[in-house]
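Student: Below: one structure in structure tokens.
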Amino acid sequence: MTTPPHGGVLIDRTLPQEARADTLRRAERLPSLDLGERQAREVENIALGVYSPLDGFLKRADFEAVLKTSRLAGGVPWTIPIVLDVSDADASRLGGEILLRHDGRALATMQVEEAYPLPLDGYCRSVFGTLDPKHPGVAHAGTMGAMLLGGPITLIDLLPTPFPAHRLAPRETRARFEANGWKTVVGFQTRNIPHVGHEALQKAALNLTDGLFINPLVGGKKAGDFEDPVIVAAYDALVRHYYPADRAVLGILQGQMRYAGPKEAIFHAIQRKNFGCSHFIIGRDHAGVGTFYHPYAAQEIFGEFPDLGVTPLLFPAFFKCRKCQGMVNEKICPHRGDDRVDFSGTQLRGAILGGADFDGMIRPEVAAAIRAVDGGPIRT
């Protein structure tokens with residue numbers, strides 16, 4: 001039996017196929033709101049149960065509780081507010097049932113139960129721990145509408161995805177884990193291509209569990225991050241060539257990074273719990289950016305949530321030690337200086353952009369997959 005979903009209920013706010021035509025006809029007469037890609041993916045993740053126990057965008061009591069306590073009003077751990085921001089004008093005209101649109105198509109209906117102001121500074125301090133506009137999360141928050149709408153949603157149809165073979169909803173991953181006979185599953189969040197240090201970390205965690213769920217985030221990321229097709233192709237090659245077929249599942253998470261460090265680490269764990277994971281890998285500087293967070297702040301925060309319902313597996317950074325002659329980490333290897341070969345996203349970006357050799361940082365099949373992807377590898 002897989003891990004219970006967060007809050008005890010796996011949410012499903014998707015419309016049955018047989019009800020879509022009638023709902024579409026009725027919804028076209030409703031007041032409507034056009035959503036960007038970021039907001040639209042939030043709707044989809046709510047509907048599919050990735051954000052269980054949420055059935056819609058946060059209303060005021062839950063929003064304020066999350067900012068103050070990192071929990072929903074009922075006490076369930078929750079660290080990142082899931083909100084629908086709008087302008088003052090839209091907040092004034094929208095109430096009751098509305099239609100949410102994206103890219104010219106009907107996406108979902110929403111029952112608007114509350115409209116309330118966004119306390120921008122309080123939001124940024126709570127989620128990101130800073131008001132510095134150089135933080136990408138703070139910079140995005142500065143573009144948000146002044147008002148928030150709260151209430152449940154119902155998804156009419158899924159958004160298109162460029163990676164249909166790897167799109168798995170929580171109900172699908174849970175069914176797959178159960179079919180594999182996995183009682184314990186460790187989740188891995190990533191927004192990067194895999195180097196051999198990542199592989200060592202994942203396999204160390206897999207030694208402790210029945211299965212591994214590799215769940216790269218595709219969607220909204222900052223400039224300088226790897227492009228989604230490169231990430232997916234790289235992990236597809238790694239899983240096919242270096243993992244037993246019955247021990248690893250690759251599935252994407254469509255959404256956006258907040259770069260919120262420790263708060264986002266808890267949020268990432270909650271999402272993977274909803275996919276069916278019992279354990280979750282937290283490495284060095286998880287979900288961090290620049291020097292805004294201590295390298296192990298994302299590990300330390302788990303001590304504040306003993307009731308999270310998912311076990312964090314806390315790892316230091318892996319590196320290659322010439323003296324130890326293998327992959328190690330700072331907990332088990334005393335060597336420094338020239339003996340130590342570190343792996344970093346910065347080094348990988350430099351090798352890719354400069355056409356240099358990867359010098360053993362990544363597997364040859366992964367390198368070939370990366371170079372076979374059309375378009376630029378790095379987000380600009």
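Derivation of every value follows stated rules applied to the coordinates shown; laboratory data play no part. Here the structure is a predicted model, which is why all the values come from computation and not from measurement. We place every Cβ from the backbone using ideal geometry, glycine too, and count neighbours over all the protein chains shown.
Student: 5 Å is the cut-off here: which amide hydrogens, built 1.01 Å from N in the peptide plane, fall below it relative to Gly56, excluding neighbours closer than 5 in sequence?
Tutor: The answer is Ile153.
Student: Counting DSSP beta bridges with both partners in the chain, what percentage is antiparallel, nearest 5?
Tutor: So the antiparallel bridges in the chain amount to around 50 percent.
Student: Once both labels are modelled 7 Å past Cα along the beta-carbon direction, what's the Asp307-Ala21 spacing in nm?
Tutor: About 4.8 nm, to one decimal.
Student: Counting DSSP beta bridges with both partners in the stretch 164-371, what percentage is antiparallel, nearest 5?
Tutor: 25 percent
Student: Here is a further query. Can you tell me the dipole magnitude for the stretch 15-122 around its Cα centre, using point charges on the Cβ only (Lys, Arg +1; Asp, Glu -1), in Debye to the nearest 20?
Tutor: 140 debye
Student: Counting only DSSP beta bridges with both residues in the stretch 1-118, tell me the antiparallel percent, nearest 5.
Tutor: 65 percent
Student: Here's a follow-up. Given (i) 121, 55, 42; (ii) 68, 44, 42; (iii) 83, 50, 39 as candidate values of Cα extents along the principal axes in Å, which corresponds to the one derived from the coordinates?
Tutor: Matching entry in (i) 121, 55, 42; (ii) 68, 44, 42; (iii) 83, 50, 39: (ii).
Student: When a/c reaches 1.5 or more, the comparison of a/b and b/c decides; with that in mind, is the stretch 139-206 rounded, prolate or oblate per its Cα gyration tensor?
Tutor: oblate
Student: Report the Cα centroid-to-centroid distance between the stretch 300-340 and the stretch 271-290 in angstrom, as an integer.
Tutor: About 15 Å separates the Cα centre of the stretch 300-340 from the one of the stretch 271-290.
Student: Helix-derived [θ] at 222 nm for the chain: sum -39500 (n - 2.57) over DSSP H runs of at least 4, divide by residue count, nearest 500?
Tutor: Computed ellipticity for the chain at 222 nm equals -9500 deg cm²/dmol.
Student: Where Lys and Arg each count +1 and Asp and Glu each count -1, what net charge lies around His294 among other residues with Cβ under 12 Å from its Cβ?
Tutor: That sum, taken over residues with Cβ under 12 Å, equals -1.
Student: Now a separate question. Listing Lys331, Lys273 from the residue with the fewest other Cβ atoms within 10 Å to the one with the most, what is the order?
Tutor: If I rank by nearby Cβ atoms, fewest first, I get Lys331, Lys273.
Student: Taking Lys68 as the anchor, which lysines have their alpha carbon closer than 27 Å to its alpha carbon, excluding any fewer than eight residues away along the same chain?
Tutor: Straight-distance partners of Lys68: Lys59, Lys134, Lys221, Lys263, Lys273.
Student: Also, quick follow-up: By per-residue mean of other Cβ atoms within 10 Å, what is the highest-first order of 21-33, 97-109?
Tutor: 97-109, 21-33
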